[in-house]
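Submitted below is the structure of interest, expressed as structure tokens.
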Amino acid sequence: MSGVRASVLAASNRGPVSFRVGDDGSLEARRGGGGLVSGLSAAGGGPDRRWVCAALSDADRHAAREAPDGRLDLAGLDVGDQPVRMLDIDPGTFSRAYNGIANSTLWFVHHLMYDGSTQPVFDAHFRRQWASYLDYNRAFAEALAEEAADGATAVVQDYHLSLAPAMLRALRPDLRIGHFSHTPWAPPDYYRMLPDDVAAAVLEGILGADRAGFLTDRWARAFADCCRAVLGADVSEDGGSLAVTHRGRTTELGVHGLGTDAEFLRERAYRPDVDARRAALLERIGPGRKVIVRVDRTELSKNIVRGLLAYRELLRRHAEWRGRVVHVAFAYPSRHDLPEYREYTAAVQRVAREIEDEFGTADWSPLILHVEDDFPRSLAAYRIADVALVNPIRDGMNLVAKEIPVASENGCALVLSREAGAFAELGGEAVPVNPFDVDMTAEALREALEMPDDERAERSKRLAAAAVALPPQKWFLDQLEALRHE
Ligand code: G6P
């Protein structure tokens, strides 16, 4: 690899850009959305920055192969003008690591998603996936080691890359290494469901970093508890900050609660494409009706089915709301290579049809459900929300809970799961729910719908203020700062 080496590097499975083949057969680049892109772009542009990510599709792999030195130059795409190195990982290896270990095993463990019908089986098939997860993490560690200047800072993101920090340290002991978990962390009794060697390797992988970051204190403590229970590591606490010492090395644990990018959101949500979709939605909803909005990936942890059941319960119990409220539910396709996710999408659609059949009338549709991706349409829904429903069974943070109050036009009441990381910051102004309790959620929806206008507007303002407290730019720069000064 030739060219300038980087002093600040980031690594994540999903990068700031994805490619698709356009109608004329050429590759089109698209900027990725989300807090990570805003946060990492904030590290500034220039040739001494680098973002290492995986090629996720054939088009991505094609682009990665064509890039000089493997680095994509994305100037003009508004991703901080930093060169991106997209790793062309063998598709089978990628799928076993991403679908098999990251999304089927680690995601399920951290979100406590195993139940009677989805118990893990750790067998030869799993071992093959685990071997690929090692290869995939090694590819990242090697790319980072190659790209990093002497003494550079590298920040590795999420559960896809839990082994990379230790692998990178072995290759480049001169670097400052951070890891950040965007998910919850499982409590030890649940975490120990993993095979012993895997449970230990994931923890030791992250402990290869100088600093491990989490979205809330609760997840940081769960990680420390796992280190103690699984590795017998020593956990110390100094003024509320945790540190884990294992085999003579200490890793500091940091808590950085990612907030929403208010500037971007407010500007984007008032563009003409969003205005058009807002008008179309209002037309379908009909005049004078209250609007309950939810927007999620179609993701089992988001608890969309129970949310729909709670809405049905509201309409059953409180007949006065029939005809006066519409639930706008946008659930975008996600991880559809996994059968659990395809079945979940079907379950969401089934319950939605049942609600329509039970309550729909000639001039009132109780529910508008979409399961295709349309970002401007989501923003339009944000703007017209009277109530936001965010009821995950467990969530690292949940940015939608922060985005809706920021974008809503008249202020919205937030029905929020106490198992979302965002609850630590927003819980005081939200209507709290136990995500498993459908009855409680139905009553919370009613309370939110009946909240007096002035109270709703006041609470929404306070929610919006809390939501922007740690914008992605500051979230990332704070981590860099802490890492450099340890
Ligand atoms: C979560 C993870 C991210 C991931 C995102 C979307 O927020 O923490 O790392 O990128 O879900 O999932 P996907 O599998 O589509 O990248």
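The values are calculated or read from the model by the stated rules, or taken from the named source; none is laboratory data. Since the model is a prediction, treat every value here as computed from it, not as a measurement. Don't worry about glycine lacking a Cβ; one is built from the backbone with ideal geometry, like all the others, and counts go over all protein chains shown. In case anyone asks, the SASA skips ligands and DNA or RNA and just uses the protein heavy atoms, side chains included. Shrake-Rupley method; radii C 1.70, N 1.55, O 1.52, S 1.80 Å.
Checking the condition more than 16 Å from the ligand (Cβ to nearest atom), crowded, with 22+ Cβ neighbours inside 10 Å and of a type in the set (D, E, K, R), which residue from GLU142, GLU147 passes?
So the residue among GLU142, GLU147 that is more than 16 Å from the ligand (Cβ to nearest atom), crowded, with 22+ Cβ neighbours inside 10 Å and of a type in the set (D, E, K, R) is GLU147.
Looking only at region 11-36, which residues are of a type in the set (Gly, Ala, Ser), touching a strand residue (DSSP E or B) at 6+ places or on another chain (Cβ under 8 Å) and more than 16 Å from the ligand (Cβ to nearest atom)?
Matches in region 11-36: GLY22, ALA29.
Taking the condition of being of a type in the set (Asp, Glu) and exposed (fewer than 14 other Cβ atoms within 10 Å of the Cβ), how many residues in region 325-350 meet it?
2
When region 58-77 is examined, which residues are found to be open to solvent by 40 Å² or more (accessible area, probe 1.4 Å) and under 23 Å from the mean Cα position of the chain (by Cα)?
Result: LEU77, single match.
In region 282-302, what residues are in a loop (DSSP other than H, G, I, E, B) and away from the ligand (no atom under 15 Å from the Cβ)?
Within region 282-302, GLY286, PRO287, GLY288, ARG289 meet the criteria.
Could you list, in sequence order, all residues of region 375-402 that are open to solvent by less than 10 Å² (accessible area, probe 1.4 Å), in a strand (DSSP E or B) and within 16 Å of the ligand (Cβ to nearest atom)?
VAL390, the sole residue that qualifies.
State whether one or more residues within region 154-166 are farther than 29 Å from GLY421 by Cβ, more than 16 Å from the ligand (Cβ to nearest atom), open to solvent by less than 20 Å² (accessible area, probe 1.4 Å) and in contact (Cβ under 8 Å) with a residue 60 or more places away in the chain.
No, region 154-166 contains no residue that is farther than 29 Å from GLY421 by Cβ, more than 16 Å from the ligand (Cβ to nearest atom), open to solvent by less than 20 Å² (accessible area, probe 1.4 Å) and in contact (Cβ under 8 Å) with a residue 60 or more places away in the chain.
Give me the pairs, please: first residue somewhere in region 287-302 and polar (S, T, N, Q), second residue anywhere and assigned to a strand (DSSP E or B) and at pLDDT below 95, beta-carbon distance under 7 Å, and either six or more positions apart or on two chains.
What qualifies is THR298/ALA331; THR298/TYR332.
Would you say VAL8 is within 11 Å of the ligand (Cβ to nearest atom) and open to solvent by less than 20 Å² (accessible area, probe 1.4 Å)?
It is false that VAL8 is within 11 Å of the ligand (Cβ to nearest atom) and open to solvent by less than 20 Å² (accessible area, probe 1.4 Å).
Please state which of the following conditions CYS226 fails to meet, knowing it meets all the rest: (1) open to solvent by less than 70 Å² (accessible area, probe 1.4 Å); (2) over 24 Å from the mean Cα position of the chain (by Cα).
The one condition CYS226 does not meet is (2).
Could you please tell me which pairs satisfy a Cβ distance under 6 Å, a separation of 6+ or placement on different chains, a first residue in region 409-432 that is closer than 18 Å to SER301 by Cβ and open to solvent by less than 10 Å² (accessible area, probe 1.4 Å), and a second residue that is among the polar types (S, T, N, Q) and not in a helix (DSSP H, G or I)?
SER417/ASN391; ALA420/ASN398; GLY421/THR216; ALA422/ASN398
Still on this structure, I have one more. Considering region 174-209 alone, what residues qualify as being surrounded by 17 or more Cβ atoms within 10 Å (Cβ to Cβ) and basic (Lys, Arg)?
Of everything in region 174-209, just one residue is surrounded by 17 or more Cβ atoms within 10 Å (Cβ to Cβ) and basic (Lys, Arg), namely ARG176.
Let me ask something else. Please enumerate the residues belonging to region 303-317 that are in a helix (DSSP H, G or I), touching a Ser or Thr at 6+ places or on another chain (Cβ under 8 Å) and buried (at least 23 other Cβ atoms within 10 Å of the Cβ).
ILE304, GLY307, ALA310
Name every residue in region 210-223 that is buried (at least 18 other Cβ atoms within 10 Å of the Cβ) and touching a residue at least 40 places away in the same chain (Cβ under 8 Å), in order of residue number.
Those that are buried (at least 18 other Cβ atoms within 10 Å of the Cβ) and touching a residue at least 40 places away in the same chain (Cβ under 8 Å): ASP210, ARG211, ALA212, GLY213, PHE214, LEU215, THR216, TRP219, PHE223.
While we're looking at this one, here's another question. Go through the residues of region 107-119 one by one and say whether even a single one is of a type in the set (Val, Ile, Thr) and assigned to a helix (DSSP H, G or I).
Yes: one or more hits.
Another question, then. HIS110 passes all but one of (1) closer than 30 Å to ALA152 by Cα; (2) open to solvent by less than 50 Å² (accessible area, probe 1.4 Å); (3) under 22 Å from the mean Cα position of the chain (by Cα); which number fails?
(1)
Could you figure out which of (1) free of Cβ contacts under 8 Å to residues at least 40 places away in the same chain; (2) open to solvent by 70 Å² or more (accessible area, probe 1.4 Å); (3) outside any helix (DSSP H, G or I) isn't true of GLU372?
Checking GLU372 against (1) free of Cβ contacts under 8 Å to residues at least 40 places away in the same chain; (2) open to solvent by 70 Å² or more (accessible area, probe 1.4 Å); (3) outside any helix (DSSP H, G or I), the one that fails is (1).
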